[in-house]
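These notes concern the structure reproduced below.
The values are calculated or read from the model by the stated rules, or taken from the named source; none is laboratory data. It should be emphasised that the depicted structure is a prediction, and the values quoted were computed from it without experimental measurement. Don't worry about glycine lacking a Cβ; one is built from the backbone with ideal geometry, like all the others, and counts go over all protein chains shown. Ligands, DNA and RNA are stripped out before the accessible areas are found, and what is left, the full protein with its side chains, is counted by its heavy atoms. Shrake-Rupley method; radii C 1.70, N 1.55, O 1.52, S 1.80 Å.
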Amino acid sequence: MGHFRLLVVGNGISAYGSYLNMVALNVFVYHVTGSALTAGAFMAVRLVTNVLSGFVSGRLVSAHDRKRLMVGADLTQALALTALLLAPDGARVGLLFALAVITGFCSTLSQVALRTSVPEIVGPGLRARANGLLVTGRSLAMIAGFASSGLVVAQLGGYTTAFALDAATFVISASVLFLLPIRTRAAGGETPAEAGAGQEEPGAASGFARMLLRTAPLLAVMIAVRAVDGLGSSSHNVALPIYSDSLDPGHPATFISQFWATWAIGNIVAQQVFGRVTKKTGRTPGERAFALGACVMSAAFIVVFAGLPTVPAIIAALVAGMADGFTEIVYVSRLQAAPDAQRGRLFGLSASAENTGFGLGMLVSAALLESFSPLQVVATFHGMAIALCVVLLAVLLKRGGSLTRQEDRQKERQEDRPDRPDRPEGQPQDRPDGQEARDDHTPGEPREARDVSTAEGRTS
(Lines give C-alpha, C1' and ligand atoms only; values in the text may rest on other atoms or scores of the structure.)
Protein backbone atom coordinates (compact mmCIF):
# COMPACT_ATOMS: atom_id res chain seq x y z
CA MET A 1 0.00 0.00 0.00
CA GLY A 2 3.02 2.30 0.23
CA HIS A 3 3.05 3.21 -3.45
CA PHE A 4 -0.70 3.60 -3.46
CA ARG A 5 -0.58 6.07 -0.57
CA LEU A 6 1.77 8.22 -2.65
CA LEU A 7 -0.68 7.94 -5.52
CA VAL A 8 -3.48 9.10 -3.18
CA VAL A 9 -1.39 12.14 -2.22
CA GLY A 10 -0.83 13.04 -5.87
CA ASN A 11 -4.48 12.48 -6.68
CA GLY A 12 -5.52 14.61 -3.70
CA ILE A 13 -3.26 17.47 -4.82
CA SER A 14 -4.81 17.30 -8.28
CA ALA A 15 -8.30 17.22 -6.76
CA TYR A 16 -7.49 20.31 -4.68
CA GLY A 17 -6.64 22.19 -7.87
CA SER A 18 -9.86 20.98 -9.49
CA TYR A 19 -12.05 22.17 -6.60
CA LEU A 20 -10.22 25.49 -6.50
CA ASN A 21 -10.73 25.78 -10.25
CA MET A 22 -14.40 24.83 -9.97
CA VAL A 23 -15.06 28.03 -8.07
CA ALA A 24 -12.57 30.32 -9.83
CA LEU A 25 -13.30 29.24 -13.40
CA ASN A 26 -17.09 29.57 -13.19
CA VAL A 27 -16.76 33.08 -11.73
CA PHE A 28 -14.07 33.93 -14.30
CA VAL A 29 -16.37 33.04 -17.19
CA TYR A 30 -18.96 35.50 -15.96
CA HIS A 31 -16.27 38.10 -15.23
CA VAL A 32 -14.84 37.91 -18.76
CA THR A 33 -18.12 37.72 -20.70
CA GLY A 34 -20.51 39.57 -18.40
CA SER A 35 -23.22 37.18 -19.55
CA ALA A 36 -25.11 34.75 -17.33
CA LEU A 37 -26.16 32.88 -20.49
CA THR A 38 -22.52 32.32 -21.48
CA ALA A 39 -21.68 31.16 -17.98
CA GLY A 40 -24.57 28.70 -18.11
CA ALA A 41 -23.50 27.50 -21.56
CA PHE A 42 -19.99 26.89 -20.24
CA MET A 43 -21.34 24.65 -17.46
CA ALA A 44 -23.62 22.86 -19.93
CA VAL A 45 -20.73 22.10 -22.30
CA ARG A 46 -18.72 20.60 -19.48
CA LEU A 47 -21.65 18.50 -18.25
CA VAL A 48 -22.38 17.15 -21.74
CA THR A 49 -18.69 16.34 -22.18
CA ASN A 50 -18.68 14.45 -18.88
CA VAL A 51 -21.64 12.35 -20.00
CA LEU A 52 -20.27 11.47 -23.43
CA SER A 53 -16.71 10.89 -22.26
CA GLY A 54 -17.76 8.10 -19.90
CA PHE A 55 -18.43 5.69 -22.77
CA VAL A 56 -15.28 6.74 -24.62
CA SER A 57 -13.17 6.49 -21.47
CA GLY A 58 -14.35 2.95 -20.84
CA ARG A 59 -13.15 1.85 -24.26
CA LEU A 60 -9.84 3.70 -23.96
CA VAL A 61 -9.15 2.23 -20.53
CA SER A 62 -9.86 -1.26 -21.89
CA ALA A 63 -7.62 -0.77 -24.91
CA HIS A 64 -4.60 1.22 -23.74
CA ASP A 65 -2.11 1.52 -20.90
CA ARG A 66 -4.01 3.04 -17.98
CA LYS A 67 -1.04 4.66 -16.31
CA ARG A 68 -0.17 6.51 -19.49
CA LEU A 69 -3.78 7.59 -19.89
CA MET A 70 -3.86 9.09 -16.40
CA VAL A 71 -0.51 10.85 -16.86
CA GLY A 72 -1.62 12.16 -20.26
CA ALA A 73 -4.96 13.39 -18.88
CA ASP A 74 -3.23 15.38 -16.12
CA LEU A 75 -0.65 16.90 -18.46
CA THR A 76 -3.31 17.80 -21.03
CA GLN A 77 -5.29 19.72 -18.42
CA ALA A 78 -2.13 21.49 -17.26
CA LEU A 79 -1.32 22.54 -20.84
CA ALA A 80 -4.88 23.75 -21.43
CA LEU A 81 -4.78 25.93 -18.31
CA THR A 82 -1.36 27.29 -19.32
CA ALA A 83 -2.71 28.19 -22.76
CA LEU A 84 -5.58 30.07 -21.11
CA LEU A 85 -3.10 32.01 -18.96
CA LEU A 86 -0.93 32.99 -21.94
CA ALA A 87 -3.78 33.83 -24.34
CA PRO A 88 -4.67 37.47 -25.08
CA ASP A 89 -7.94 38.74 -23.65
CA GLY A 90 -9.73 38.62 -26.99
CA ALA A 91 -9.08 34.90 -27.48
CA ARG A 92 -10.03 33.76 -24.00
CA VAL A 93 -13.75 33.26 -24.57
CA GLY A 94 -13.20 30.64 -27.25
CA LEU A 95 -10.49 28.98 -25.18
CA LEU A 96 -12.85 28.78 -22.21
CA PHE A 97 -15.20 26.47 -24.09
CA ALA A 98 -12.28 24.40 -25.35
CA LEU A 99 -11.10 24.18 -21.73
CA ALA A 100 -14.56 22.99 -20.67
CA VAL A 101 -14.34 20.11 -23.15
CA ILE A 102 -10.74 19.22 -22.26
CA THR A 103 -11.21 19.29 -18.48
CA GLY A 104 -14.53 17.46 -18.69
CA PHE A 105 -13.11 14.66 -20.80
CA CYS A 106 -9.76 14.33 -19.03
CA SER A 107 -11.24 14.34 -15.54
CA THR A 108 -13.65 11.55 -16.47
CA LEU A 109 -10.92 9.55 -18.22
CA SER A 110 -8.60 9.86 -15.23
CA GLN A 111 -11.31 8.79 -12.79
CA VAL A 112 -12.34 5.76 -14.87
CA ALA A 113 -8.72 4.68 -15.37
CA LEU A 114 -7.86 5.00 -11.68
CA ARG A 115 -10.92 3.16 -10.41
CA THR A 116 -10.37 0.40 -12.94
CA SER A 117 -6.73 0.01 -11.91
CA VAL A 118 -7.10 -0.11 -8.11
CA PRO A 119 -7.42 -3.94 -7.81
CA GLU A 120 -4.26 -4.40 -9.87
CA ILE A 121 -2.30 -1.77 -7.93
CA VAL A 122 -3.08 -2.97 -4.39
CA GLY A 123 -4.55 -6.44 -4.96
CA PRO A 124 -8.23 -7.47 -4.89
CA GLY A 125 -8.23 -8.01 -1.13
CA LEU A 126 -7.20 -4.42 -0.36
CA ARG A 127 -9.38 -2.63 -2.88
CA ALA A 128 -11.96 -1.47 -0.31
CA ARG A 129 -9.30 0.10 1.91
CA ALA A 130 -7.70 1.71 -1.13
CA ASN A 131 -11.01 3.18 -2.25
CA GLY A 132 -11.50 4.55 1.24
CA LEU A 133 -8.14 6.33 1.06
CA LEU A 134 -9.14 7.89 -2.26
CA VAL A 135 -12.41 9.13 -0.73
CA THR A 136 -10.51 10.65 2.20
CA GLY A 137 -7.99 12.35 -0.07
CA ARG A 138 -10.71 13.84 -2.24
CA SER A 139 -12.72 15.03 0.77
CA LEU A 140 -9.71 16.80 2.26
CA ALA A 141 -9.00 18.33 -1.15
CA MET A 142 -12.57 19.59 -1.40
CA ILE A 143 -12.40 21.28 2.01
CA ALA A 144 -9.08 22.93 1.13
CA GLY A 145 -10.14 23.91 -2.39
CA PHE A 146 -13.44 25.51 -1.47
CA ALA A 147 -12.00 27.16 1.63
CA SER A 148 -9.02 28.72 -0.16
CA SER A 149 -10.66 29.73 -3.43
CA GLY A 150 -11.87 33.08 -2.12
CA LEU A 151 -8.49 33.86 -0.55
CA VAL A 152 -6.53 32.92 -3.68
CA VAL A 153 -8.74 34.92 -6.05
CA ALA A 154 -9.23 37.95 -3.80
CA GLN A 155 -5.83 38.38 -2.16
CA LEU A 156 -3.15 36.24 -3.83
CA GLY A 157 -3.15 37.44 -7.41
CA GLY A 158 -6.65 36.78 -8.68
CA TYR A 159 -7.66 34.32 -11.38
CA THR A 160 -4.15 34.08 -12.83
CA THR A 161 -2.82 32.67 -9.56
CA ALA A 162 -5.72 30.24 -9.26
CA PHE A 163 -5.23 28.85 -12.78
CA ALA A 164 -1.45 28.65 -12.41
CA LEU A 165 -1.85 26.82 -9.11
CA ASP A 166 -4.33 24.39 -10.68
CA ALA A 167 -1.96 23.70 -13.59
CA ALA A 168 0.85 23.03 -11.11
CA THR A 169 -1.28 20.50 -9.20
CA PHE A 170 -1.88 18.55 -12.41
CA VAL A 171 1.86 18.52 -13.16
CA ILE A 172 2.57 17.22 -9.65
CA SER A 173 -0.07 14.50 -9.99
CA ALA A 174 1.29 13.44 -13.39
CA SER A 175 4.86 13.34 -12.04
CA VAL A 176 3.88 11.16 -9.09
CA LEU A 177 2.01 8.75 -11.37
CA PHE A 178 4.87 8.59 -13.85
CA LEU A 179 7.50 7.81 -11.21
CA LEU A 180 5.54 5.20 -9.25
CA PRO A 181 6.34 1.57 -10.22
CA ILE A 182 2.72 0.44 -10.30
CA ARG A 183 0.93 -2.11 -12.47
CA THR A 184 -2.49 -1.06 -13.74
CA ARG A 185 -3.51 -4.16 -15.73
CA ALA A 186 -3.94 -7.78 -14.67
CA ALA A 187 -0.76 -9.83 -15.00
CA GLY A 188 -0.90 -12.43 -17.74
CA GLY A 189 -4.05 -10.91 -19.23
CA GLU A 190 -4.62 -10.22 -22.89
CA THR A 191 -2.88 -7.23 -24.34
CA PRO A 192 -5.13 -4.64 -25.98
CA ALA A 193 -3.97 -5.75 -29.42
CA GLU A 194 -4.75 -9.39 -28.72
CA ALA A 195 -8.13 -8.59 -27.26
CA GLY A 196 -9.04 -6.31 -30.14
CA ALA A 197 -10.42 -3.88 -27.58
CA GLY A 198 -9.88 -0.87 -29.75
CA GLN A 199 -11.84 -2.28 -32.71
CA GLU A 200 -15.34 -2.34 -31.28
CA GLU A 201 -18.19 -1.58 -33.59
CA PRO A 202 -20.32 1.54 -33.20
CA GLY A 203 -23.04 1.01 -30.64
CA ALA A 204 -20.78 -1.20 -28.51
CA ALA A 205 -21.51 0.92 -25.44
CA SER A 206 -25.27 0.41 -25.66
CA GLY A 207 -24.69 -3.28 -26.46
CA PHE A 208 -22.56 -3.65 -23.36
CA ALA A 209 -25.28 -2.00 -21.26
CA ARG A 210 -27.91 -4.43 -22.61
CA MET A 211 -25.61 -7.37 -21.98
CA LEU A 212 -25.00 -6.17 -18.43
CA LEU A 213 -28.73 -5.88 -17.78
CA ARG A 214 -29.26 -9.42 -19.06
CA THR A 215 -26.34 -11.18 -17.38
CA ALA A 216 -25.65 -9.10 -14.26
CA PRO A 217 -28.90 -7.33 -13.36
CA LEU A 218 -27.78 -6.45 -9.83
CA LEU A 219 -24.82 -4.49 -11.16
CA ALA A 220 -27.12 -2.78 -13.66
CA VAL A 221 -29.53 -1.79 -10.86
CA MET A 222 -26.67 -0.49 -8.72
CA ILE A 223 -25.54 1.72 -11.61
CA ALA A 224 -29.15 2.91 -12.01
CA VAL A 225 -29.24 3.78 -8.30
CA ARG A 226 -26.10 5.86 -8.73
CA ALA A 227 -27.72 7.67 -11.66
CA VAL A 228 -30.76 8.51 -9.52
CA ASP A 229 -28.40 9.51 -6.71
CA GLY A 230 -26.97 11.97 -9.23
CA LEU A 231 -30.44 13.51 -9.53
CA GLY A 232 -30.60 13.83 -5.76
CA SER A 233 -27.11 15.30 -5.52
CA SER A 234 -27.89 17.93 -8.12
CA SER A 235 -31.09 18.90 -6.30
CA HIS A 236 -29.37 19.68 -3.01
CA ASN A 237 -26.49 21.40 -4.82
CA VAL A 238 -28.91 23.74 -6.59
CA ALA A 239 -31.21 24.20 -3.59
CA LEU A 240 -28.48 24.81 -1.01
CA PRO A 241 -27.76 28.49 -1.86
CA ILE A 242 -31.48 29.28 -1.90
CA TYR A 243 -32.10 27.50 1.39
CA SER A 244 -29.05 29.11 3.00
CA ASP A 245 -30.21 32.56 1.92
CA SER A 246 -33.60 31.95 3.51
CA LEU A 247 -31.90 31.02 6.80
CA ASP A 248 -29.64 34.08 6.96
CA PRO A 249 -30.09 36.62 4.14
CA GLY A 250 -27.21 38.70 5.48
CA HIS A 251 -24.69 35.83 5.48
CA PRO A 252 -25.91 33.14 3.06
CA ALA A 253 -22.46 31.61 2.68
CA THR A 254 -22.29 30.62 6.35
CA PHE A 255 -24.58 27.60 6.21
CA ILE A 256 -23.17 26.53 2.83
CA SER A 257 -19.63 26.38 4.21
CA GLN A 258 -20.81 24.61 7.37
CA PHE A 259 -22.73 22.07 5.31
CA TRP A 260 -19.90 21.15 2.94
CA ALA A 261 -17.22 21.09 5.62
CA THR A 262 -19.35 18.80 7.80
CA TRP A 263 -20.26 16.59 4.83
CA ALA A 264 -16.57 16.18 3.96
CA ILE A 265 -15.73 15.32 7.58
CA GLY A 266 -18.44 12.65 7.43
CA ASN A 267 -16.77 11.21 4.34
CA ILE A 268 -13.47 10.97 6.20
CA VAL A 269 -15.07 9.38 9.26
CA ALA A 270 -16.76 6.80 7.02
CA GLN A 271 -13.43 5.85 5.48
CA GLN A 272 -11.77 5.42 8.84
CA VAL A 273 -14.60 3.25 10.23
CA PHE A 274 -14.92 1.28 7.01
CA GLY A 275 -11.20 0.57 6.85
CA ARG A 276 -11.06 -0.71 10.42
CA VAL A 277 -14.14 -2.90 10.05
CA THR A 278 -13.03 -4.52 6.77
CA LYS A 279 -9.51 -5.08 8.12
CA LYS A 280 -10.91 -6.76 11.23
CA THR A 281 -13.55 -8.90 9.53
CA GLY A 282 -11.87 -9.49 6.16
CA ARG A 283 -15.24 -9.01 4.46
CA THR A 284 -16.35 -6.28 2.04
CA PRO A 285 -19.98 -5.13 2.33
CA GLY A 286 -22.04 -5.86 -0.77
CA GLU A 287 -25.29 -4.89 -2.45
CA ARG A 288 -27.48 -4.84 0.68
CA ALA A 289 -25.10 -2.52 2.50
CA PHE A 290 -24.99 -0.30 -0.59
CA ALA A 291 -28.78 -0.03 -0.76
CA LEU A 292 -29.14 0.63 2.98
CA GLY A 293 -26.38 3.24 2.90
CA ALA A 294 -27.97 5.01 -0.06
CA CYS A 295 -31.32 5.14 1.78
CA VAL A 296 -29.68 6.68 4.86
CA MET A 297 -27.77 9.16 2.74
CA SER A 298 -30.84 10.40 0.86
CA ALA A 299 -32.94 10.58 4.02
CA ALA A 300 -30.22 12.62 5.78
CA PHE A 301 -30.02 15.08 2.87
CA ILE A 302 -33.78 15.57 3.08
CA VAL A 303 -33.53 16.25 6.83
CA VAL A 304 -30.91 18.95 6.19
CA PHE A 305 -33.55 20.99 4.33
CA ALA A 306 -36.35 20.38 6.84
CA GLY A 307 -35.94 23.73 8.59
CA LEU A 308 -34.31 22.33 11.74
CA PRO A 309 -32.05 24.44 13.99
CA THR A 310 -28.41 24.67 12.97
CA VAL A 311 -27.02 21.93 15.23
CA PRO A 312 -29.48 19.15 14.19
CA ALA A 313 -29.09 20.21 10.54
CA ILE A 314 -25.30 19.94 10.78
CA ILE A 315 -25.61 16.54 12.44
CA ALA A 316 -27.81 15.45 9.51
CA ALA A 317 -25.13 16.75 7.11
CA LEU A 318 -22.53 14.68 9.00
CA VAL A 319 -24.68 11.56 8.67
CA ALA A 320 -25.22 12.31 4.98
CA GLY A 321 -21.47 12.63 4.46
CA MET A 322 -20.76 9.37 6.30
CA ALA A 323 -23.42 7.47 4.34
CA ASP A 324 -22.26 9.07 1.07
CA GLY A 325 -18.65 8.03 1.68
CA PHE A 326 -19.69 4.53 2.75
CA THR A 327 -21.89 3.90 -0.29
CA GLU A 328 -19.25 5.17 -2.69
CA ILE A 329 -16.60 2.85 -1.25
CA VAL A 330 -18.98 -0.13 -1.36
CA TYR A 331 -20.17 0.70 -4.88
CA VAL A 332 -16.71 1.18 -6.38
CA SER A 333 -15.37 -1.92 -4.63
CA ARG A 334 -18.32 -3.94 -5.96
CA LEU A 335 -17.71 -2.92 -9.57
CA GLN A 336 -14.01 -3.68 -9.12
CA ALA A 337 -14.92 -7.31 -8.42
CA ALA A 338 -15.62 -7.69 -12.15
CA PRO A 339 -12.89 -9.19 -14.38
CA ASP A 340 -10.20 -6.76 -15.47
CA ALA A 341 -11.16 -7.02 -19.14
CA GLN A 342 -14.69 -5.73 -18.46
CA ARG A 343 -13.96 -3.38 -15.56
CA GLY A 344 -13.06 -0.37 -17.70
CA ARG A 345 -16.33 -0.39 -19.60
CA LEU A 346 -18.27 -0.89 -16.36
CA PHE A 347 -16.75 2.24 -14.87
CA GLY A 348 -17.19 4.11 -18.14
CA LEU A 349 -20.88 3.22 -18.17
CA SER A 350 -21.15 4.17 -14.51
CA ALA A 351 -19.51 7.57 -15.09
CA SER A 352 -21.89 8.36 -17.94
CA ALA A 353 -24.92 7.29 -15.88
CA GLU A 354 -23.89 9.36 -12.85
CA ASN A 355 -23.06 12.43 -14.93
CA THR A 356 -26.32 12.11 -16.86
CA GLY A 357 -28.31 12.01 -13.64
CA PHE A 358 -26.42 14.97 -12.19
CA GLY A 359 -26.69 17.10 -15.33
CA LEU A 360 -30.37 16.37 -15.87
CA GLY A 361 -31.05 17.03 -12.21
CA MET A 362 -29.33 20.43 -12.38
CA LEU A 363 -31.67 21.53 -15.15
CA VAL A 364 -34.88 20.11 -13.70
CA SER A 365 -34.13 21.20 -10.13
CA ALA A 366 -33.44 24.77 -11.20
CA ALA A 367 -36.77 24.86 -13.02
CA LEU A 368 -38.72 23.32 -10.14
CA LEU A 369 -37.23 25.70 -7.57
CA GLU A 370 -39.01 28.53 -9.34
CA SER A 371 -42.32 27.12 -8.07
CA PHE A 372 -41.50 24.80 -5.16
CA SER A 373 -39.54 25.04 -1.93
CA PRO A 374 -36.04 23.56 -1.55
CA LEU A 375 -37.41 20.90 0.80
CA GLN A 376 -40.03 19.79 -1.74
CA VAL A 377 -37.52 19.55 -4.58
CA VAL A 378 -34.83 17.78 -2.55
CA ALA A 379 -37.37 15.39 -1.01
CA THR A 380 -38.74 14.52 -4.45
CA PHE A 381 -35.40 13.67 -6.03
CA HIS A 382 -33.87 11.94 -3.03
CA GLY A 383 -37.19 10.18 -2.47
CA MET A 384 -36.82 8.62 -5.91
CA ALA A 385 -33.43 7.24 -4.87
CA ILE A 386 -34.91 5.83 -1.65
CA ALA A 387 -37.74 4.16 -3.57
CA LEU A 388 -35.32 2.50 -6.00
CA CYS A 389 -33.12 1.33 -3.12
CA VAL A 390 -36.15 -0.20 -1.39
CA VAL A 391 -36.90 -2.13 -4.58
CA LEU A 392 -33.27 -3.29 -4.73
CA LEU A 393 -33.40 -4.41 -1.10
CA ALA A 394 -36.61 -6.36 -1.73
CA VAL A 395 -35.03 -8.14 -4.70
CA LEU A 396 -31.88 -8.91 -2.68
CA LEU A 397 -33.89 -10.33 0.22
CA LYS A 398 -35.86 -12.49 -2.18
CA ARG A 399 -32.72 -13.73 -3.93
CA GLY A 400 -30.62 -14.04 -0.78
CA GLY A 401 -30.53 -17.80 -0.75
CA SER A 402 -29.75 -18.22 -4.42
CA LEU A 403 -26.97 -15.61 -4.26
CA THR A 404 -25.35 -17.41 -1.34
CA ARG A 405 -25.45 -20.72 -3.19
CA GLN A 406 -23.98 -19.08 -6.28
CA GLU A 407 -21.12 -17.66 -4.22
CA ASP A 408 -20.42 -21.09 -2.72
CA ARG A 409 -20.31 -22.68 -6.17
CA GLN A 410 -17.93 -19.96 -7.36
CA LYS A 411 -15.56 -20.64 -4.46
CA GLU A 412 -15.67 -24.37 -5.17
CA ARG A 413 -14.77 -23.79 -8.82
CA GLN A 414 -11.84 -21.57 -7.79
CA GLU A 415 -10.57 -24.26 -5.41
CA ASP A 416 -10.84 -26.95 -8.08
CA ARG A 417 -8.93 -24.86 -10.64
CA PRO A 418 -5.45 -23.80 -9.44
CA ASP A 419 -4.37 -20.32 -10.44
CA ARG A 420 -2.40 -20.31 -13.68
CA PRO A 421 -1.60 -16.64 -14.42
CA ASP A 422 0.77 -17.67 -17.20
CA ARG A 423 -1.95 -19.55 -19.04
CA PRO A 424 -3.49 -17.55 -21.94
CA GLU A 425 -7.14 -16.82 -21.45
CA GLY A 426 -9.41 -19.35 -23.09
CA GLN A 427 -6.73 -22.11 -23.24
CA PRO A 428 -7.78 -25.30 -21.39
CA GLN A 429 -5.87 -26.19 -18.25
CA ASP A 430 -3.69 -29.28 -18.17
CA ARG A 431 -5.25 -32.27 -16.44
CA PRO A 432 -3.35 -35.12 -14.76
CA ASP A 433 -5.06 -37.66 -16.99
CA GLY A 434 -4.19 -35.73 -20.13
CA GLN A 435 -7.80 -34.76 -20.80
CA GLU A 436 -8.71 -31.21 -21.67
CA ALA A 437 -10.83 -29.18 -19.31
CA ARG A 438 -14.39 -28.69 -20.42
CA ASP A 439 -15.13 -25.15 -21.58
CA ASP A 440 -18.45 -24.21 -20.02
CA HIS A 441 -18.94 -21.34 -22.44
CA THR A 442 -22.36 -21.53 -24.01
CA PRO A 443 -22.29 -21.26 -27.83
CA GLY A 444 -23.77 -17.95 -28.95
CA GLU A 445 -23.28 -16.29 -25.55
CA PRO A 446 -20.67 -13.50 -25.46
CA ARG A 447 -17.75 -14.67 -23.35
CA GLU A 448 -17.65 -11.28 -21.67
CA ALA A 449 -21.26 -11.80 -20.55
CA ARG A 450 -20.23 -14.93 -18.67
CA ASP A 451 -17.26 -13.12 -17.09
CA VAL A 452 -19.36 -10.20 -15.87
CA SER A 453 -22.14 -12.41 -14.53
CA THR A 454 -19.71 -14.52 -12.50
CA ALA A 455 -18.68 -11.36 -10.69
CA GLU A 456 -22.12 -11.19 -9.05
CA GLY A 457 -22.20 -12.51 -5.54
CA ARG A 458 -18.44 -12.30 -4.97
CA THR A 459 -18.80 -9.71 -2.24
CA SER A 460 -20.69 -10.48 0.92
Review point. How much solvent-accessible surface does Leu6 expose, in Å² to the nearest 10, with a 1.4 Å probe and all protein chains in place?
Key: 90 Å²
Point to revise | Computed FRET value (nearest 0.05) for Lys279 with Ala83, which takes r as the C-beta separation and R₀ as 51 Å | key: 0.65
Review point. Can you give the accessible area of Cys295, probe radius 1.4 Å, in Å² rounded to 10?
Key: 20 Å²
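Could you please put Val269, Val390 in sequence from largest to smallest accessible area, using a 1.4 Å probe? Write out the running numbers ahead of the final one.
Numbers: Val269 55, Val390 80 Å².
Correct descending sequence by accessible area is Val390, Val269.
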Review point. Hey, got the dipole for segment 231-341? About the Cα centre, +1 on K and R Cβ, -1 on D and E Cβ, debye to the nearest 20?
Key: 560 debye
Review point. Per-residue accessible area for Asp324 at 1.4 Å probe radius, Å² rounded to 10?
Key: 30 Å²
Practice item. Specify which residue in the list Ala147, Asn50, Thr38 is farthest towards the positive end of the charge dipole of segment 34-187, using unit charges on the beta carbon of Lys, Arg (+1) and Asp, Glu (-1), about the Cα centre. Key: Asn50
**Study point:** Over segment 1-111, relative contact order from alpha-carbon pairs under 8 Å, at least 6 apart, %
**Key:** 35 percent
Check your understanding: Residue separation times 0.36 nm, minus the C-alpha to C-alpha distance between Ser246 and His31: what's the value?
Key -> 74.8 nm
Check your understanding: Given +1 on the Cβ of Lys and Arg, -1 on the Cβ of Asp and Glu, and no further charges, what dipole in debye does segment 266-401 carry about its Cα centre, rounded to the nearest 20?
Key -> 700 debye
